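The values are calculated or read from the model by the stated rules, or taken from the named source; none is laboratory data. Everything quoted here is computed from the prediction, not taken from an experiment. Here Cβ is always computed from backbone atoms with ideal geometry, including for glycine, and neighbour counts include all displayed protein chains. Please note that ligands, DNA and RNA were not included when accessible areas were found on the heavy atoms of the full protein model with its side chains. Shrake-Rupley method; radii C 1.70, N 1.55, O 1.52, S 1.80 Å.
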Amino acid sequence: METIQKKEIKKAYQQKKTIGGIYAIQNTKTDKWFIKESYNLIASKNLFEFSIRINDCPEQILKQDWLQYGSNSFCFIVLEELEKGENQTRKAFGEDLKELLQLWLTKSKDKTLY
């Protein structure tokens, strides 16, 4: 009985869709943006929220402003989601994410970026 439950849990995990994409961390005091790709947007958002709770900067490039303005001066914004294809390799998914990041960086030329 226990083995069947483990197999079902494992199967459900393997069938879980991977949602990556592009996100931004915005400094609401200076309106500077940090834009990055992620293989797993939920994990990136959770890391950001955890960083806020413990007041530890999630990205080194933000550290100076994080210390100056405080963790509550930053917000996490999902810019675009991208679902990993069923037969797509992690490498191919990463290449798609990097391309998407370049598009977002080009789109964001009017913003002040870190």
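Answer yes or no: is there a residue in segment 95-106 that is under 13 Å from THR18 (Cα atoms), at pLDDT 95 or above and open to solvent by less than 90 Å² (accessible area, probe 1.4 Å). Within segment 95-106, one or more residues are under 13 Å from THR18 (Cα atoms), at pLDDT 95 or above and open to solvent by less than 90 Å² (accessible area, probe 1.4 Å).
None of LEU62, LEU47, LEU82 is more than 19 Å from ASP110 (Cα to Cα), modelled with pLDDT of 95 or more and part of a strand (DSSP E or B) except LEU82. Looking at segment 78-102, which of its residues are free of Cβ contacts under 8 Å to residues at least 40 places away in the same chain and under 27 Å from TRP66 (Cβ atoms)? If the condition is that a residue be free of Cβ contacts under 8 Å to residues at least 40 places away in the same chain and under 27 Å from TRP66 (Cβ atoms), then GLN102 is the only one that fits.
In summary, ALA12 fulfils each of the numbered conditions (1) at pLDDT below 95; (2) closer than 19 Å to LYS111 by Cα; (3) small (Gly, Ala, Ser) with the single exception of condition (2).
Let's see how each residue does on (1) over 26 Å from ASP96 (Cβ atoms); (2) in contact with a helix residue (DSSP H, G or I) (Cβ under 7 Å, 6 or more places away or on another chain):
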| position | (1), (2) |
| --- | --- |
| GLN5 | yes, no |
| ILE35 | no, yes |
| ALA43 | no, no |
| PHE48 | no, no |
| ILE54 | yes, no |
| TRP66 | yes, no |
| TYR69 | yes, no |
| CYS75 | no, no |
| GLU81 | no, yes |
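Of the listed requirements (1) at pLDDT below 95; (2) in a helix (DSSP H, G or I); (3) under 18 Å from the mean Cα position of the chain (by Cα), LYS91 misses just one: (1).
From the residues in segment 54-81 that are in contact with a strand residue (DSSP E or B) (Cβ under 9 Å, 6 or more places away or on another chain) and open to solvent by 50 Å² or more (accessible area, probe 1.4 Å), which one is nearest to THR30 (Cα to Cα)? Among residues in segment 54-81 that are in contact with a strand residue (DSSP E or B) (Cβ under 9 Å, 6 or more places away or on another chain) and open to solvent by 50 Å² or more (accessible area, probe 1.4 Å), the one nearest to THR30 (Cα to Cα) is TYR69.
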